[in-house]
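Down below is the structure, laid out as structure tokens.
The values are calculated or read from the model by the stated rules, or taken from the named source; none is laboratory data. Nothing here was measured: the structure is a model prediction, and the numbers come from that model. Neighbour counts run over all protein chains shown; Cβ positions are idealised from the backbone, glycine included. Heavy atoms of the whole protein, side chains included, go into the accessibility calculation; ligands, DNA and RNA do not. Shrake-Rupley method; radii C 1.70, N 1.55, O 1.52, S 1.80 Å.
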Amino acid sequence: MEDMFRVREGRPSAVEWVIEKIKELLIDQKLSPGDMIPNEISLAESLKVGRGTVREALKILSAYGVIEIKQGHGTFVSSASNKRLFDPQLFQILVQDRDYKSLTQVRQLLEEGIVKLVIESASDEELALLDQSMKEFQKELGKDQASAQKAGALDLHYHRLLARFSHNSIVENIYTFVIDLFTKTINPIHEGVDEVHQQLHQAIMDRDGEKAVEAVRSHTAIWVWAYKETHPEH
């Protein structure tokens, strides 16, 4: 195992080397979820760098969720159940200028794919949980003085369930990250939103992919319209 970490000529910095090497080994499936990687001393000797630089690289990988450092046990490649795991490229979105047109396009593309996956893959029991989530959402919206904050949280919960029931961890991680960027702009009490939510939900419950995609597109159009009303600068 340690031979896989041997240094090569023309290498980048120690931190970058460790990160890129582990990435390469994961891509080549020479390292798999749950595998233990060499300790700091072994890595430092193989890479011919100090333990401090190796430790820094491992901290970065741990922050990204790529590895798990278990005190007293060692350092392991994260399992698929680690919900912190995401592509560092996604993190760059947070430090870029927010182009909501582009983000909205990404969200729509993801949701169109997700509803199809849910319709194809979700069990009847999972659809029942989705139905219960929608009923709680509708119950809040039906109140005389519905809370936009609570309704928004229930709306997000519903969409996160959709991501989970897609049974695709890659899609779930990306979609959850993107949907979190919209948290402060979600207003489920806005005119037209409730109706299109119900259309989307019913299409999913009927396992009707075509109608579900149509509902996603209608939902996106309403969100864009509502957002522009409150953010004319965009």
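Here is the link list: K150/K211; K30/K116; K23/K59; K23/K70; K21/K101; K59/K184. Which ones come out longer than 25 Å on Cα distance?
As for pairs spanning more than 25 Å Cα to Cα, those are K150/K211; K30/K116; K21/K101; K59/K184.
Find how much the distance from S218 to S121 grows on full extension, using 0.36 nm per residue of separation minus their present alpha carbon separation; answer in nm with one decimal.
Residue separation times 0.36 nm, minus the Cα-Cα distance, leaves 32.6 nm.
Largest first, how would V216, V171 line up by accessible area (1.4 Å probe)? Before the final figure, lay out the partial values.
Working: V216 0, V171 35 Å².
If we order V216, V171 from most to least accessible, we get V171, V216.
At 7 Å along the Cα-to-beta-carbon direction for both K30 and M205, put a label point, then send me their distance in nm to one decimal.
Placing both labels 7 Å beyond Cα along the Cβ direction yields 5.3 nm.
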